[in-house]
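The values are calculated or read from the model by the stated rules, or taken from the named source; none is laboratory data. These figures come from a predicted structure and were not determined experimentally. Every residue, glycine among them, receives a Cβ derived from its backbone with ideal geometry; neighbour counts consider all protein chains shown. Keep in mind that these areas ignore ligands, DNA and RNA; they rest on the heavy atoms of the full protein, side chains included. Shrake-Rupley method; radii C 1.70, N 1.55, O 1.52, S 1.80 Å.
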Amino acid sequence: MRRKVLCPALAGVVLWLVGLSNAAQIQFTSVPAGYTSGSIELGAPFAGALAASPADPTKLFAAVGSYGNEQIVLLDTATETTTVVATGFGSIGGIAVFANGDLAITENSSADTILHAHDANNDGDFLDTGEITELIAPILADGGDFTGAQVIIAPSGNAAAIPAGSLLVQTADDQTSSELLVVENPLSTPAYRPTGGAFFSGFQFNGGIAFDTAGNVIMGESKFDYLTFTSSGRIYALVNLNANETIDAGESHVVVDQAALNSGLSDLSVSAENDVYFTESSGNIRKFALPLNLLTDSATPTAFATTDASYLSACRFDDSTRSFAPNASAPKARLYVGGWTPSWTAATNLLWIEPATPPASVRDWALY
């Protein structure tokens, strides 16, 4: 019998077990020089899934609620207001936003499938009858039980040879049963690529997926040792050398191994500078620069920022094409994280961090 309660994709199960009676906020405890940070209240416990609109990075879709009763809210980060746009979910694993504003949603309880949310009457939500349907039935479900986690949309010009606009779904099936699935033509005639198979497989739990600036897939794996009751992780680079439909032997490499990820791994994102930022099974945010040769070289993560959270579940840029370098000029990216408070209740806020405004320069300044 699979013990899914420990899977990061099903963090909502743990929330249900510990309760939400003392839901509160999390906060930063350290932020590096050259950056500024803040907090935005959601008005409800954050449930782990987060995605920015590609049309407007100030608009975020976030899962909120508790296991068995989750919703999706649209967060306007400029006005710091939220609007409920979709309801009726049991456990949301991930959210992705298509170019046209539609959503892809992995749902692990009420529907137990991959969903498509489409605003048919253009009223700004997905609350009307028939606006949320199954996008495609799951495949390779472990024991017939689908556990979908993070989802993202493939960008154009992709070195991974994944058609632009395709949906990537990371599952969380334990042991070596998890897969990275590719669904091409998700808004018209969705089909798995390859047919009936996975783009990459053989890992334990989800740990996030992203693309580097060249279009290679950077993927995290969360690992749990049931004997020692400890978490760890791995971060892979997937380089599709022969441009076919799968990652074959010699096309994947562990860039950061378990020894450097002994606090677990929950989510990751890649910046415009090809730096990987990730959240652990702790309140830490760490980073590393992707090595030049993704299939031979390794990287060593360093501390980036810390929070008082007991667990950070999400780590997402609003726009990964914008600079996230310290003191970067506008337009610049903002990194959002969310998770659980020190008392193991779901935080009702998201934290953000972005490059600080560069110091004003003075012409002909001389130091005496």
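Being surrounded by fewer than 21 Cβ atoms within 10 Å (Cβ to Cβ) and over 16 Å from D275 (Cα atoms), is that true of even one residue in the range 308-322? Yes, the range 308-322 has at least one match. May I ask you to list the residues in the range 298-307 that are of a type outside the set (S, T, N, Q) and either open to solvent by 40 Å² or more (accessible area, probe 1.4 Å) or within 20 Å of M219 (Cβ to Cβ) (or both)? Across the range 298-307, the qualifying residues are A299, P301, A303, F304.
Taken over the range 274-286, the criterion of being in contact with a Ser or Thr (Cβ under 6 Å, 6 or more places away or on another chain), open to solvent by 20 Å² or more (accessible area, probe 1.4 Å), over 15 Å from F211 (Cα atoms) and modelled with pLDDT of 95 or more is satisfied by N284 alone. In summary, I235 fulfils each of the numbered conditions (1) in a loop (DSSP other than H, G, I, E, B); (2) buried (at least 22 other Cβ atoms within 10 Å of the Cβ); (3) among the aliphatic types (A, V, I, L, M) with the single exception of condition (1). Among the residues here, T83 qualifies as open to solvent by 50 Å² or more (accessible area, probe 1.4 Å), in a strand (DSSP E or B) and over 27 Å from A137 (Cβ atoms).
Of all residues in the range 238-252, exactly one satisfies the criterion of being open to solvent by 40 Å² or more (accessible area, probe 1.4 Å) and either under 16 Å from G220 (Cβ atoms) or in a strand (DSSP E or B) (or both), namely S252.
Residues in the range 196-230 that are within 20 Å of K287 (Cβ to Cβ), open to solvent by 10 Å² or more (accessible area, probe 1.4 Å) and either in contact with a Pro (Cβ under 9 Å, 6 or more places away or on another chain) or among the acidic types (D, E) (or both): F211, D212.
Of the candidates L187, L181, the single residue that is modelled with pLDDT of 95 or more and within 17 Å of the chain's Cα centre (by Cα) is L181.
For the range 202-217, name all the residues that are polar (S, T, N, Q) and without any contact (Cβ under 8 Å) to a residue 60 or more places away in the chain. Matches in the range 202-217: Q204 only. For L187, the criteria (1) closer than 23 Å to A55 by Cα; (2) buried (at least 19 other Cβ atoms within 10 Å of the Cβ); (3) aliphatic (A, V, I, L, M) hold in every case but one, which is (2). Just so you know, in the range 153-180 the residues that are closer than 20 Å to T213 by Cβ and not aliphatic (A, V, I, L, M) include one that is least open to solvent (accessible area, probe 1.4 Å), and it is S166. Residues in the range 260-273 that are in contact with a strand residue (DSSP E or B) (Cβ under 8 Å, 6 or more places away or on another chain) and either among the charged types (D, E, K, R) or open to solvent by 20 Å² or more (accessible area, probe 1.4 Å) (or both): N262, S263, D267, A272, E273. Does V18 qualify as being under 22 Å from L265 (Cα atoms), open to solvent by 50 Å² or more (accessible area, probe 1.4 Å), out of contact with any strand residue (DSSP E or B) (no Cβ under 7 Å at 6 or more places or on another chain) and at pLDDT below 95? In short, yes. List every residue pair whose Cβ atoms sit under 6 Å apart, with the two residues 6 or more apart in sequence or on different chains, where the first one lies in the range 109-121 and is closer than 18 Å to A137 by Cβ and the second, anywhere, is among the charged types (D, E, K, R) and surrounded by fewer than 20 Cβ atoms within 10 Å (Cβ to Cβ). Final answer for the pair search is T113/E134; H118/D102; H118/E131. E41 meets each of the listed conditions (1) under 27 Å from A305 (Cβ atoms); (2) open to solvent by less than 30 Å² (accessible area, probe 1.4 Å); (3) in contact with a strand residue (DSSP E or B) (Cβ under 6 Å, 6 or more places away or on another chain) apart from (2).
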